[in-house]
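The values are calculated or read from the model by the stated rules, or taken from the named source; none is laboratory data. The shown structure was predicted, so the numbers you read here are calculated from the model rather than taken from an experiment. As a convention, Cβ positions derive from the backbone with ideal geometry for all residues, glycine included, and neighbour counts pool all protein chains shown. All accessible areas refer to the heavy atoms of the entire protein, side chains included, with ligands and DNA or RNA removed. Shrake-Rupley method; radii C 1.70, N 1.55, O 1.52, S 1.80 Å.
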Amino acid sequence: MLSFHDPSSRAYARLTGALYLVIAFAGGFSILYVPGALNVTGDPAATFANIADRRGLFHAGLVGDVVMMTAEVLVSVMLYFMFRPVNATLSLAASYARLMMVAVMAAMLFFHAGSLALADGRVPLDSFSTAQRIELAGLLRHVHDAGVWSWQVFFCLHLILLGTLVLRSGLYPRVLGFGLIVGGTGYLVDSVQMFALPEAAALEALKIALLLVVTLAEIGFALWLLLRGPRVASHFGLTPYRKETPP
């Protein structure tokens, strides 16, 4: 627990970077791999047949979600203390935005559970036919997926604020800050496109490019935290981090 004592230390940065990589691996598994392996676009019946046949993979995806969200909470708080000396207001806002993202993700899991219960018959709805149960389960899955549009807005705000803090701190490469700011808008573009303009090919290409930028920036930031840590503040004309002392 000593790594938590000094937010300006390399040990603290390394722990934050390690948690960032936990988020990347757990999130990549639960958000990308599992849905890709189970979902059949436009065919809820086939999707839930896949889930029934591979229930272990579905449950592993839920575990991945929980691991990711737990790490997200820790990273949100740790980044706040790391960048509070740079700008306390922006750092707190960035932390709240990321925590709001986690709250939406957590709420989305209820729709996951509800759709699964409907599809496999665990909820007694005798007045519903099998086809109606599958359709209702598909609707809950759609509501779950629509939650992505919400959390991406909060995550976009977080990345813009975090990128600004990285730029102002002088403790990390500026290219990472620019990548977080510019690439982070890809999440907002994705939400707008999926919600309002799903047929817009230009937005599709733009969001892919921006999301690639922000992915590289986030991984680069995580690796920098893990392998290098912050530069020495005094070398860049900044006021060194000060530990708060009780009055």
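Of all residues in the stretch 114-130, those satisfying the criterion of being assigned to a helix (DSSP H, G or I) and open to solvent by less than 60 Å² (accessible area, probe 1.4 Å) are Gly114, Ser115, Leu116, Ala117, Leu118, Ala119. If the condition is being in contact with a helix residue (DSSP H, G or I) (Cβ under 7 Å, 6 or more places away or on another chain), at pLDDT 85 or above, open to solvent by 30 Å² or more (accessible area, probe 1.4 Å) and farther than 23 Å from Asp65 by Cβ, then the stretch 1-53 contributes Pro7, Ala11, Arg14.
Taking the stretch 1-112 as the region of interest, the helices (runs of 4 or more DSSP H) fully inside it that hold 3 or more residues being under 15 Å from the mean Cα position of the chain (by Cα) are 10-27, 55-83. Set side by side, the residues Phe111, Phe81 differ, and just one is open to solvent by 60 Å² or more (accessible area, probe 1.4 Å) and over 23 Å from Gly28 (Cβ atoms), which is Phe81. For the stretch 154-169, enumerate the residues that are in contact with a helix residue (DSSP H, G or I) (Cβ under 7 Å, 6 or more places away or on another chain) and open to solvent by 20 Å² or more (accessible area, probe 1.4 Å). Selection gives Phe154, Leu157, Ile160, Leu161, Thr164, Leu167.
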